[in-house]
Amino acid sequence: MTDTRTAQHSIGSGFGAESTAEEVLAGIDLTGKLAVVTGGYSGLGLETTRALTRAGAHVVVPARRPAAAAEALTGIDGVEVDELDLGDLDSVRGFAERFLASGRTIDIVIDSAAVMACPETRVGPGWEAQFATNHLGHFALVNRLWPAIEPGGARVVSVSSIGHQRSGIRWDDVQWREDYDKWGAYGQAKTANALFAVHLDALGRESGVRAFSLHPGGILTPLQRHLSREEQVRMGWIDEDGKPLNPAGFKSPEQGAATQVWAATSPRLDGLGGVYLEDCDIAEPAPEDGGRRGVKTWATDPEQAARLWTLSAELTGVNAFTDR
């Protein structure tokens, strides 16, 4: 297994923090390609859907609230909506079965849906909601869709966050049953998103399937719905009137969607995989003295990635690679 830590260095993509999804897709024709984008009707997901369809792709948007998704996507051609609740494994299975029954193959998967810093919430058999929704739901989804992902040599993009720096995997209490901390639990879930891509890439590369994780940048979207205005003011994100503060370094939604679109489509990433991206490039390792850039080694460690895969398969009862 390749140690992805040695691959965590910029490739000089020519793009950066201010690049937009439309810019990174310039000259790329996705006609005939099919993408599945979770959360593809809100925030970064919506901008991702817009960009992919403009480039010619057909985009499937699974949504917990299909009617709301259909309304948000009104006027965008080349989109279909289906029902999916990532916090409900029966719902994940139902969506996957319906898609597989269509006989289509998948070229791009972008796991963009997420919850952030929510109050302590339990779903399914008592799982912590952020770990369950952001990681386990996507883990089960990709594994169930594998018969459609493998034939086309798809790219799977797992949207992580700089928030992964807040916590590695709490192996002694993955479900945060003790001393729940909403930001720590979010950090663990985002680390899980990155580790998922590391091991999926290791398992899938022989089939031509490559996986990437990424930090999209700071963007004010509905992802902040669990944070009060007062908390966002304290964090320096917005002013007292709710307006974004420039020093916080927020991107526009079009800029925020760029890295996941670049991950899904860029020919510069051909032959690569299992790495963490930011600002439309491969990220550097995070400096030991802190900072708000780069990726922590706990989010690229192949051994932890394999351990998390095994745990996730046990919890969800799904593993497309059981015999491999």
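The values are calculated or read from the model by the stated rules, or taken from the named source; none is laboratory data. Note that the structure is predicted; figures quoted are calculated from it, not measured. Every residue, glycine as well, gets a Cβ built from its backbone with ideal geometry; the counts of neighbours run over all protein chains shown.
A few comments on the model shown:
- Selected residue [at pLDDT 95 or above, surrounded by fewer than 14 Cβ atoms within 10 Å (Cβ to Cβ) and not aromatic (Phe, Trp, Tyr)] from ASP179, ASP173, ASP239, ASP201: ASP173
- Residue match in segment 24-31 (condition: at pLDDT 95 or above, buried (at least 18 other Cβ atoms within 10 Å of the Cβ) and not in a loop (DSSP other than H, G, I, E, B)): yes
- Some residue of segment 1-22 being under 20 Å from THR105 (Cα atoms) and among the hydroxyl-bearing types (Ser, Thr, Tyr): no
- Elements of the type helices (runs of 4 or more DSSP H) sitting completely within segment 249-324 and holding at least 1 residues that are under 20 Å from ALA21 (Cα atoms), of a type in the set (S, T, N, Q) and out of contact with any Phe, Trp or Tyr (no Cβ under 6 Å at 6 or more places or on another chain): these cover 253-256, 258-265.
- Residue in segment 113-124 that is buried (at least 24 other Cβ atoms within 10 Å of the Cβ), of a type in the set (A, V, I, L, M) and closer than 27 Å to ASP281 by Cα present: yes
- Residue match in segment 61-74 (condition: outside any loop (DSSP other than H, G, I, E, B), within 24 Å of GLY204 (Cα to Cα), among the hydrophobic types (A, V, I, L, M, F, W, C) and at pLDDT 95 or above): yes
- Pick from segment 204-236, criterion touching a Gly at 6+ places or on another chain (Cβ under 7 Å) and polar (S, T, N, Q), ranking: modelled with the highest pLDDT: SER207
- Contact map, segment 269-284: first residue modelled with pLDDT of 95 or more, second residue surrounded by 24 or more Cβ atoms within 10 Å (Cβ to Cβ) and among the acidic types (Asp, Glu), Cβ cut-off under 7 Å, separation 6 or more or different chains; pairs are GLY273/ASP201; GLY274/ASP201.
- Cβ pairs under 7 Å, 6+ apart, first in segment 170-185 and farther than 17 Å from LEU136 by Cβ, second part of a helix (DSSP H, G or I): TRP183/ARG166; GLY184/ARG166
- If you go through segment 36-60 and keep only what is part of a helix (DSSP H, G or I), surrounded by 24 or more Cβ atoms within 10 Å (Cβ to Cβ) and either free of Cβ contacts under 8 Å to residues at least 40 places away in the same chain or among the hydrophobic types (A, V, I, L, M, F, W, C) (or both), you end up with LEU44, THR49, ALA51, LEU52.
- Boolean, SER102 is of a type in the set (Gly, Ala, Ser) and exposed (fewer than 15 other Cβ atoms within 10 Å of the Cβ): yes
- Inside segment 182-196, residues that are charged (D, E, K, R) and under 13 Å from the mean Cα position of the chain (by Cα) make up a count of 1.
- Conditions (1) out of contact with any helix residue (DSSP H, G or I) (no Cβ under 8 Å at 6 or more places or on another chain); (2) more than 19 Å from VAL156 (Cβ to Cβ): number failed by GLN8: (2)
- Members of segment 123-155 found to be in contact with a helix residue (DSSP H, G or I) (Cβ under 6 Å, 6 or more places away or on another chain), in contact (Cβ under 8 Å) with a residue 40 or more places away in the chain and not in a helix (DSSP H, G or I), listed by number: GLU128, LEU145, GLU150, ARG155
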